[in-house]
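The values are calculated or read from the model by the stated rules, or taken from the named source; none is laboratory data. In this text, all values refer to a predicted model and were calculated from it rather than measured experimentally. So basically every Cβ, Gly included, is an ideal-geometry build from the backbone, and we count neighbours across all protein chains shown.
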Amino acid sequence: MQEYVTDAIVLATFPRGEADRVADLYTKDLGRIEARMIGGRKPLSKLAPHLDVLGFATVRLVEKNQFTLVDAMSAPLTPKSRAPERFEKMLEIASLVRALAPKGIRDERLWETLRRAQTEGELRALSEILEILGYNARHASCETCGETPVGYFFLPTHEFFCARCGSKLPESEVVLLEEVQ
Ligand SMILES: [Zn+2]
């Protein structure tokens, strides 16, 4: 059994079983992890209020086969990070990280980018987040027709497509890279 204290950004939380919740966290020291919150679905859970989606928190974790969240102390969201249009964009970034970041791999650059996005409202373009995750739109050409620049990233296959070919892909599975069009 090992214990960790690290800073984290909450990418998502979801119910597990009757009473528990699971938090998908991007942490400074451990990279992306899933941590179980025992009793996290109960109204009086002491952890739940500290784990708002996109919130920034210092978490205490115990690892034994899996991670369990034993304590969390959240930092209040700044007015900047609370602005609706930023929140929207930050959600897109979080879902991209959830779709592409492997678990258990620490990435200082990704952590810093997420931290600054959340605490200082310094949002990066989705193409930059993709690049940090290892997918460089600038050097990519369309998977179907070979055109550049690309305008879409297709999540199921991790491939780039131009604006024309990409517009035919299912909307829920593509990332629109408006900034490189
Ligand atoms: Zn194309």
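Some observations on this one:
- For beta carbons closer than 7 Å, sequence separation of 6+ or different chains, a first residue in the stretch 150-174 that is of a type in the set (Asp, Glu) and a second that is more than 11 Å from the ligand (Cβ to nearest atom), the qualifying pairs are GLU173/PHE154; GLU173/LEU155; GLU173/PRO156.
- Of the residues making up the stretch 42-54, none is in contact with a Lys or Arg (Cβ under 8 Å, 6 or more places away or on another chain), at pLDDT 95 or above and closer than 24 Å to ALA117 by Cβ.
- The set of residues from the stretch 152-169 being of a type in the set (D, E, K, R) and either within 9 Å of the ligand (Cβ to nearest atom) or in contact with a Leu (Cβ under 7 Å, 6 or more places away or on another chain) (or both) comprises just one member, ARG164.
- Condition check for SER172: out of contact with any Cys (no Cβ under 8 Å at 6 or more places or on another chain), within 11 Å of the ligand (Cβ to nearest atom) and farther than 20 Å from LEU110 by Cβ: no
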